[in-house]
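In what follows, a structure is listed as structure tokens, so that the remarks can point back to it.
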Amino acid sequence: MKFNIDEIFYIAEQIERNGALFYSKAAVTFEDQKLKRLLEELAAMELQHEQVFKKLHADIKFHQASVIFDVDENAVAYVQALASDYVFPANHNPTDFIKKDTHPAELLQFAIGLEKDSIVFYYGLKSALVNQADVHQIEAIIKQEFGHINQLSQMASSIHQR
């Protein structure tokens, strides 16, 4: 697969939509109110991230100077590899993981893995940008994704202690 910077931003937007869909579906699957609330909050945050990526994408389309001049296309190739191999594999829908008999701890571990994969992808995306304002927005999303991992880990720990 070969992507340009436009397609990479579409992928970032799709990652966030997939995350929101995943957390929304998970929230209606489980009865534990604390878990439901956390999943609903994460779904809302993923939708906010999608909007940030849409805005960045529109800005970059308008100001192509935001994208690094990469003669060998190394930065874009790096992000392409991350997108195709980790976060956005073909024929994979993260909501397929959620079944009625899925244990909450399993779901939380799976979600942590998705968040980690997203972070790796966003670090790659960050490396393809030169506009510091854009880089700072990506860094803010990365920080929030780390926060998601922390929240999911705390919830998983509390479930194991029950």
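Does segment 121-143 hold any residues that are in contact (Cβ under 8 Å) with a residue 24 or more places away in the chain, surrounded by 16 or more Cβ atoms within 10 Å (Cβ to Cβ) and not small (Gly, Ala, Ser), and which are they?
Phe121, Tyr122, Leu125, Leu129, Asn131, Asp134, Gln137, Ile138, Ile141
Look through segment 109-138, keep the residues that are under 16 Å from the mean Cα position of the chain (by Cα) and of a type in the set (S, T, N, Q), and return whichever of them is modelled with the highest pLDDT.
Applying the filter and picking the extreme gives Gln109.
The values are calculated or read from the model by the stated rules, or taken from the named source; none is laboratory data. Here the structure is a predicted model, which is why all the values come from computation and not from measurement. Reconstructed Cβ throughout: ideal geometry from the backbone, glycine too, with neighbour counts over all protein chains shown.
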